[in-house]
Structures are given as structure tokens and as C-alpha cells.
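The structure appears right after this line, and notes come after that.
The values are calculated or read from the model by the stated rules, or taken from the named source; none is laboratory data. Computed from a prediction, not measured in an experiment: that's the story for all the values here. Cβ: placed from backbone, ideal geometry, glycine included. Neighbour counts: every protein chain shown.
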């Protein structure tokens, strides 16, 4: 008989009466009524193994078993006695009567119980091999694989070709810090790990490969936020001879298929589409979570002449904004919670959080409860109540500051209230999956510190048709053929139609204040390629880690990555990074900066 | 109408009478009889476009076209006039009568003709984007994709799961030099780019993932030989609960399927299997090219007492070897060619190349022509002629030296003669595809310089059943559960059953003279993992670049990689590696060693 004839988790009533061999790990051993029961686990699930004392040798071996021993079992599949079935398991109606038992490898006592739900992340990442045995981690990584394979199959059927681009490459201009790799052969020179294969995929389009994809690692040496990793996986796609709408249709269809195939979820068809301007106006975000059924009321225009500096100041300033967020039924939110919200918006730079509780509209000002309402004259008050659609029992929160602060703070507050216990009870959050395309992004945003325009997406993004002249006359007005796919407030992916004419590319560099010399030094090879009949092309990139985190409902991106780094960019399992020896540094023509090198002997 | 309705290369008689839109590049423009013919090219092939002068605007545009212009054409598919069909093209029976013509992007004159077969590699890699437009390069990369996808589909069907392992990791013990990545967060510490995911895949087996694969980049900072790249792509596979034979069967089946699906080639079933010892004895190589129908004749034992130091010296030395290589029909090889062969074996350290031409066996010594035959006494001569099966018209070449020199030199000579014009004519090379498993590798080889044992495969390889005791008593005798898949003299992949018991692993480390401290520092995380019920497991890794190079018949591995490095580890397209600025170095806590830093301002 083979070492193993099937997976534990697959054994079911269909196997009744068969003699099979299983391999797996002891999840639990129970001694009950002179019989030993083993829950045997493999990646597909659990099966109950029964060791009777009448097989003395088997029984003696069974008595030595401890949790996480790796064993091989041969036995007969039989029905469990009536009343002992376990309907939570696929194998719950049957059990394996053990005829042979071999310990393939013993285990020392694990440092924690695998089913402990309260492990610190440090413990989990230090003992990652054991952590990865937990069924939830196995489910996450299996889902990740299924998603990746569904993407590959979709792209393959559409004629896309996976072409590998280099990992050892030149610094790319994505704006983040590069990971560098010193060259041994070329003293004083460095490779950079790719932030994305952007320029290579564009060159593949120029080279005529027509439809490219790659599921590949990208690298950014940035201080890590909760959902970032130094290395992350990008589904990177590019196509020639398609317009913006066709590109979006193709990848909307792909994501719908992925959700259907891997989770049996039907996403909307088609996804709603919203201009960037509208998204910022209504939700203060370019990735609005449409599950939350609240939006901003614009008040900037009507607060210019109120006798309340907190509102009139921003309303009269160039980049100021005043909005209200109406929370239906929110009048019941207690003062203590409002205080919490005030602290919360402070994280985003808001200096306070004005509010009006609408107790009884019919009573006019007397029906409103608020520390600020006295400062707002009748006309403005009437208009704000009208615009916001305020009704008895609502609360209005106000944001008034620089537009960025208002958008960030009130946008975050909208999500916080929507997803709070109150918001869920009040029906302010609805729908399980709410996808959205955000389009018509600006080409540029003002870098206030540097006092110049920076690319919103990247400098290879095409301006919208008819907007090319703005590149020279009014860059701030110039919109881009850029698009982001958003789901439940997360950016799943984004992309753009690229510039395929060298002349337009040069104009964009000028708008960005990039000199010809700098452009040639950084992207000369792309500019050169554009001269040789570059085709119209565009594409996008999805963040695989993030998609799978969403789909699995994981709390952290680290729960869908087998061997992630901590937020201090360390691997606790292998202890990377680590010191290296002096000989290695010498060969790479570098030395450490600190006085006392931390070298290994 | 869409920008494009189909690929140029797909247009055929099935499209007759249809109006279609195509996009592509001008391969050639011919003006003939007042009509302009355009060969339009896309990734699928060519189609002929005809521009008649009666559409004045179209014709005027057509007159501006030059090679490599990117254009869009709308037109009617019609039959070519009789006698002008081109049977080399799928579209050769039809042409597109142009009704609309748009230049999507002009092209400056390319620096070379795309169909120039004599380009230097420097030119090709510098202008890689244009080089990648060449049909042969497109075929190679498409084949590469098909091979990778066939591998994925096979593995998917077998329950293997693609799990990504880290790129930023710790130095691995594969023996080659690591590429290092300085850490910004952890001053003085470094990540290493993986030489292979070996330890991670073993940990995934310990974690219970059961069947893992990954098609992933690996890195070795070594001086490059013709078929090496700093980054290369490995098909990396590991499985639990299978024995050596089952693992080999599974992947032999995979490679057979890949050849069948992508090239319609039926490889032998099953592959022959040969022990390492036999391969070295017969062919002087652990990856013999079985297409070459010649093998060594062992003479060491009969040359001990000849009065010819060149033979008797090695024959009496511990690690010496004397062999003959019989070349059937080789007596006709001219003296000048023998001189070339003598130089050739010199590359491998051979100090000369003795030979005997067998003109007429019946005449005894008089029938032999040779500078050395006088030195060999009758008994030895008779035995060598008998063992080698020498016949009239043959030539025998001799290797006598340290075994390694003999194996390398005579093994290389065997291939050189076999594949030479003479060898082909004489039928010394036969068969198009000759696969082979080489098994039973030694666990260790003596590192003569260091005077200690080194792992032949890697230190995680399991000894053969029954050989565990040799680990302590006689490491040189210990064989491993290691296997290489060889095709036409190339190693396609290799692997082993791994050690899953910590006790055995420790014994191997001791045999390798690796102290407990060193083992703990380098592989502590693996040793730790082995304690927790590690399952029996094994796997292998295939070199994707090499497989595709073989399949495509490419001359160099660089012809199946989109953006390869030169043999000086440079990317001529992007000019990587390159100097970086001082600020970046400072952030990474390193400085350059040379006095005059080559920094960018």
C-alpha cells in the first residue's frame, strides 16, 4: 500500500468499508472507555481515528502520541456509532478503525496551542511554521492560490502572456525609496529592486507583445503602515490597442470572475463609475466605501459670511472647505461618543468637531441642540438644513479646514460611524461588496512644500482627450486617463492609458519640471523606445495581498502572506536582516558607516 | 468599429468578404504598378495590405509609411490574385484592401534591420525593445509562457499550491555568493536575495501544506558562464508523504506533458534511470548526452604495469583513471583534427591526447597506427582492443590523469566528436530527445583544498536507506536520495528526498564539519521546525530558462529572457547597475570603499 491513499479531510461516507492509509498530524488524542480517539489533521481537514485495545501494538503506539506528532495510519472506514456524528466535519459521519499506526516523526510540545485565538503577532511570526498549521492560515493561503490561478486562467483565455521582467534593475521613478543591491562586478554601482515593472511592461508593448501580465514581487523601502510590506505582490497587466473603457471592462470582468469562482460571490455588473471630483465632493475620498450610506453636504459657499471664524475662515480661503456629514438617527449618540469622535478627527488634523443635533425641526432654532448654531445666521442655517436633508433625530457633524484636512477627517469619521455598532443598527452600512471605478483623476497635484506639480499617478499617464493643452496652460486642470478599482473603500488596483507619443511625454516632463537631462538619465530607454512606432497602450496593476486580505476577511495583510515581515521590516522566523561578514562587504566595495561595525567574525 | 477586430496573423480565407480593423507595424512597404503594398505585422504574424490610388487620402497616407510605423488599417478581406499567393503565411491566400489608414505612431529609422541575422549581442541587448520585435524572440517568449503555463496546469491538477516565499531573506547555504540588500531600518544589517527557496519550501512541508510549487526568481552573484544569469527562474517543487520513486514519476510525467503540449514531442516513457556511478564510469559525466553513441572503456586496471608512465602513473594513483574512447570509423579523422582535439582536451587540464588508429586488426601491431602503441605490452594491448570492441577503421583516444581531468576532458571530447560533422555523418549521434534520470548521487564530495567533505547536493538531502551509518563511519561511501533529470546532456532539474528527522540532520552537519553553533546560526529555524513532527518530504527544482532554451533551440539562455544581463552582469538597455546618490547610501548606513566615490550629484 502507498504511504498515503487519500487526504484525511476527504474521507466521507463514500469510503465506507474501504481500507485506506492516511498521513497527518495529531490534532488531539482522547482516551475514553479504554479506547483511544485521535483527531488526525492534514491540509484538507480532520478525521477521527479509533484505536481499540485488542490490537496491542497499535494501542501501545497510540498511547505514545502527543499533539502534533506526524503519523501514518492504516485502517478501515466505518460509520460512527449513532449519536456520535459530528456534522461540522466532512468526515463527521465516519471514523477510521486503526489497523496500523506508525509514528513518522514525533513532536516536542509546541510553544502554544494551535487553536489559541489570542496569540501575539510576535509569537505567531517567530513560530511561523506552527502558526501556518492553523486552519485559518491554511485557508487564507489556499484562497490566495485560487485567486492567483483564477486570474491567470482569465488572462490566459484573453491572450495575455506572462513575461518575466528583471528583479535586478535600475531605480524607477515611482516616488518611493528603492531597495538597493550593490554590484560586485561594477564597483560603486547598484541595482535597485523594482517598485513595479512599469517601464518594462511599457517596453514590451512597444516591442509588440500586445498583451502582457505578470504576478510579481515589487519592493518599496518605506516606513510600514498596517497594510504595507517591504515586498508585495502585484498583478501587473498591460495591453495595446485598447481604449480606457475596453481596458476597464476587461478587468472588471476579471475581478467579477475571480469572486465568483473562488468565493461564489456575484459582484455588480457593471461596476458603478464615478469621477474623482465627485468622489472627493461626496465622500472626501478617492476610494469611497459605498457600503456606508452617508455623504458630505457641501457648505463652503454658504458659510462665507457667517459670523463664525471657524467656518467663514476656511470658506473664504483658497483651499478651504466646509462640509456637513448628516448621520440619520444620530441624535441619540451620547456626548461621550461625540467626544471620542472629536479626538478621532484630531488624528487627521481637525481642530475640533462641530455638531448640531436635530431634535425637532418644526421648533426652528429651539429644536436644534448645538454649541455652534447660535453663530450661524438664519439664511445659512436654513440652507444647510435643506441641503443636508436633516430630519428629526439626526445629528450633523461639521468639518471646516483646509480641504485636505476636511476630506481626510470627515471621510474617516463617515467610515467610523458607518461601521460602528450604532451605524450597523441604524442601517447606515449596507451591502456586502460594493465595487466602484473612480476615473478622471487629475494629472497633477501641487506639491506645496516643493512648490511644483507632481504626478498623481505616474508621469507616463496619458492626459484625457482634449486636455493635452492644459499641460502647458493650466496643469491643475488637466485630467488623466487614469482609473482605480475600489471595493468597500479599498483600492484593489489602478492604472491608466499611457502616453505613447514622445512629444506628449516630453510635455508632461516639462509640466513636472523634469529637465531633458534628468528625463534622459532616468527614462532614456523608454523615451528611446517611444520613437520606434510605440502603439497606444495602457494597463493596470492589482495588489494581490490586499485583494486576498479583503476576500478572506483577514485582519492584516500579514495573514495572507506565508512569511511576512514585521512593521519593523524584519523576518522574525529567519532573523533577517542580519549582519554579514567583512569579506562580503569588501567584495561589494562597500563598508558600514558606523564606527563599530556589527560584523560577524 | 473597435480599434482592432483581430490580429494580422489570424486573417485567413475564413475572413473573405469581411470588413475588419487591424493594428500593427509596417514590416515592409512596396510600391508596385501604382499600388502600395504593406506587410503589416503583429505578434501573431503578417498580412498584406493593398492601398489603391483611387482612395486618394488613404494612398497619400500610405506614401508616408516607413518601416516600423505603427498603423491602424480598416479594409475588406479579399482573395489575392491567382499566382500571387504566399503559402508561407497563414494569411497568404488573402489580402486586405485598405479603406482607412491611420498612423498611430511614426517611427524613426531603426538602427538595424529586424531581419538581420548577424547582429552582435551588444547591439541586440542595447536596442532590446527592437530586438524583441523579431519573430524568433517573440516565438521564444511565447514558448516560455506556454511551458510555464503547462507546468502550472499540471501541478494544479495534482493538488500543488503556489505559495510565495520571500525575496528579502537571510543568506542561504547554497554555496554561491549572495546578492545583499542593505537594511535602512536595521543599521549594519543586510537581507540576501534567495539562491533558492529551499528552506522555506521545507518549512511549508513542516507546516502541512503538503504540495507546494513556485515559479520564482533565484539569485547567484557568481562569475557568469555562457548559460548563467545573475537572476534565473526556478520551477521549485516540494511534496510530503511521497517516496523517491513517486516523486520522480510525478515530475517525469510533468515534463513529458509539457513537451507534448507545447511542442507535440513524445518523450520516452519511462525515462531510463542510471546510477551516478555508472554515468561517471561510462560517460565521465553526471549528465550524459545519450544522443552520442560512444562511451568510455575502462583501462585503469590493465595499465598498472605498462612501461608507459603517462598511463601507469594515473593507473597506480589513488584518484587516477585511464580510459579509452572508441570512435567508430574515426580512423579517417585527419591528423590536423587530432591536433585540434589535443588542444581541446587541454582546456580541461589534459596534458595530451594519445590515440591509436585501427587500420587492420588482422595485422596485429602492424595494423595499428599510433605514437604510443609501442609502449603498451601485448597483454594490455589485446585486452584494451577487446574491451573497447575496436574494429577496423576506428580510432581510440585515451585519457589518463586524475579521474576528474579524465572525466571532464574525455567527456567533453565525446560530445565534441559526436556532434561534429564527422560524428553526424558517421551516425555517432542519434535521437532528437534523450532524457535520463541520474540517481544514487554520493552524499559528499571531498573538498581537496579544505581537506573536508562538502555536500554534493545540499546538506538537507537524505541518505539512502541503509546508508545512515556511513555518515559517521565512511561519509565517502554514503549515497543520497538525490536525483537529476537530464536531457540531451543538460541538467533540466534536480532534487532529493530531504532529511525530516533532526537527529539525521545533525549527523549530516557533523559529517560536514559544521558545528552546532554554526548550524544553529545558519539554519536554526529549520532545525527548530524539524522538531515539531516534520513529515517525510522531498522535491526538486527545474531551471525554466534552461528548459526553454533547449526546447526553442536558442543559442543562449539570453534568447529566452526578455531583459537579460550580459556576461558582465549588466543590463545594456537600462544601464543597470548604476551609481546612486550619497543620500541613498547614507540612509542605508553604508559608504563606498574607493577613495573617489562615483556618486551622482
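Okay, here's what the table says:
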read-out	value
Members of region B:73-98 found to be touching a strand residue (DSSP E or B) at 6+ places or on another chain (Cβ under 8 Å) and over 26 Å from residue B:63 (Cβ atoms), listed by number	B:90, B:93
Whichever residue in region B:151-166 is in a helix (DSSP H, G or I) and crowded, with 19+ Cβ neighbours inside 10 Å and, among such residues, is nearest to the other protein chains (Cβ to nearest Cβ)	B:152
Test: residue in region A:199-214 that is touching a helix residue (DSSP H, G or I) at 6+ places or on another chain (Cβ under 9 Å), closer than 22 Å to residue B:574 by Cβ and modelled with pLDDT under 95	yes
Matching option when the condition is in contact (Cβ under 8 Å) with a residue 24 or more places away in the chain and either within 44 Å of the chain's Cα centre (by Cα) or farther than 24 Å from residue A:207 by Cβ (or both), among B:77, B:35	B:77
Region A:359-379, residues that are part of a strand (DSSP E or B) and over 19 Å from residue A:400 (Cβ atoms)	A:369
Region A:380-398, residues that are touching a residue at least 60 places away in the same chain (Cβ under 8 Å) and in a helix (DSSP H, G or I)	A:380, A:383, A:384, A:387, A:388
Those residues of region A:215-228 which are touching a helix residue (DSSP H, G or I) at 6+ places or on another chain (Cβ under 8 Å) and facing another protein chain (nearest Cβ under 10 Å), in sequence order	A:215
Residues of region B:392-415 classified as surrounded by fewer than 18 Cβ atoms within 10 Å (Cβ to Cβ) and in contact with a helix residue (DSSP H, G or I) (Cβ under 6 Å, 6 or more places away or on another chain), total	2
Selection status of residue A:563, more than 10 Å from chain B (Cβ to nearest Cβ) and either farther than 30 Å from residue B:41 by Cα or at pLDDT 95 or above (or both)	no
Single condition residue B:68 does not satisfy, out of (1) surrounded by fewer than 20 Cβ atoms within 10 Å (Cβ to Cβ); (2) within 39 Å of the chain's Cα centre (by Cα)	(1)
Among the residues listed as A:540, A:530, the single one being in contact with a strand residue (DSSP E or B) (Cβ under 7 Å, 6 or more places away or on another chain) and within 30 Å of residue A:481 (Cβ to Cβ)	A:540
Unmet criterion (only one of (1) surrounded by fewer than 21 Cβ atoms within 10 Å (Cβ to Cβ); (2) more than 7 Å from chain A (Cβ to nearest Cβ); (3) at pLDDT below 95) for residue B:264	(3)
Those residues of region A:131-141 which are touching a residue at least 24 places away in the same chain (Cβ under 8 Å) and either at the interface with chain B (Cβ under 9 Å from one of its Cβ atoms) or crowded, with 19+ Cβ neighbours inside 10 Å (or both), in sequence order	A:132, A:133, A:137, A:138, A:140, A:141
Region A:333-358: number of residues that are assigned to a loop (DSSP other than H, G, I, E, B) and under 24 Å from residue A:313 (Cβ atoms)	6
Set B:388, B:336: member being under 19 Å from residue B:413 (Cα atoms), out of contact with any helix residue (DSSP H, G or I) (no Cβ under 8 Å at 6 or more places or on another chain) and surrounded by fewer than 15 Cβ atoms within 10 Å (Cβ to Cβ)	B:336
Any hit, region A:530-537, residues being within 18 Å of the chain's Cα centre (by Cα), within 11 Å of chain B (Cβ to nearest Cβ) and at pLDDT 95 or above	no
Conditions (1) more than 8 Å from chain A (Cβ to nearest Cβ); (2) farther than 24 Å from residue B:130 by Cα; (3) without any contact (Cβ under 8 Å) to a residue 60 or more places away in the chain; number of the one not met by residue B:584	(1)
Search result, residues across region A:79-96 that are part of a strand (DSSP E or B) and over 20 Å from residue A:44 (Cβ atoms)	A:79
Tally, over region A:401-427, of residues that are within 21 Å of the chain's Cα centre (by Cα) and on the phi > 0 side of the Ramachandran plot	0
Subset of region B:14-28 (residues that are under 11 Å from residue B:96 (Cα atoms) and not in a strand (DSSP E or B))	B:15, B:16, B:17, B:18
Hey, residue A:232 within 14 Å of chain B (Cβ to nearest Cβ) and touching a helix residue (DSSP H, G or I) at 6+ places or on another chain (Cβ under 9 Å) or not	yes
Index of the failed condition, residue B:516 passing every other in (1) buried (at least 19 other Cβ atoms within 10 Å of the Cβ); (2) closer than 20 Å to residue B:461 by Cβ	(1)
Residue in region A:496-503 that is surrounded by 18 or more Cβ atoms within 10 Å (Cβ to Cβ) and in a loop (DSSP other than H, G, I, E, B) present	yes
Complete set of residues in region A:571-581 that are in a loop (DSSP other than H, G, I, E, B) and more than 7 Å from chain B (Cβ to nearest Cβ)	A:572
Unmet requirement for residue B:546, which otherwise passes all of (1) more than 33 Å from the chain's Cα centre (by Cα); (2) touching a residue at least 12 places away in the same chain (Cβ under 8 Å); (3) more than 9 Å from chain A (Cβ to nearest Cβ)	(1)
Residue check, residue B:101 away from chain A (no Cβ under 14 Å), surrounded by 14 or more Cβ atoms within 10 Å (Cβ to Cβ) and touching a strand residue (DSSP E or B) at 6+ places or on another chain (Cβ under 6 Å)	yes
Count of residues meeting criterion [in contact with a helix residue (DSSP H, G or I) (Cβ under 7 Å, 6 or more places away or on another chain) and within 19 Å of residue A:476 (Cβ to Cβ)] in region A:500-522	4
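Quick grid of which residues meet (1) in a loop (DSSP other than H, G, I, E, B); (2) closer than 26 Å to residue A:537 by Cβ:
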site	(1), (2)
B:60	no, no
B:63	no, no
B:98	no, yes
B:103	no, yes
B:109	yes, yes
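Yes/no matrix, rows are residues, columns are (1) assigned to a helix (DSSP H, G or I); (2) closer than 17 Å to residue B:356 by Cα; (3) free of Cβ contacts under 8 Å to residues at least 24 places away in the same chain:
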| position | (1), (2), (3) |
| --- | --- |
| B:280 | yes, no, no |
| B:297 | no, yes, no |
| B:314 | yes, no, no |
| B:324 | no, yes, no |
| B:331 | yes, yes, no |
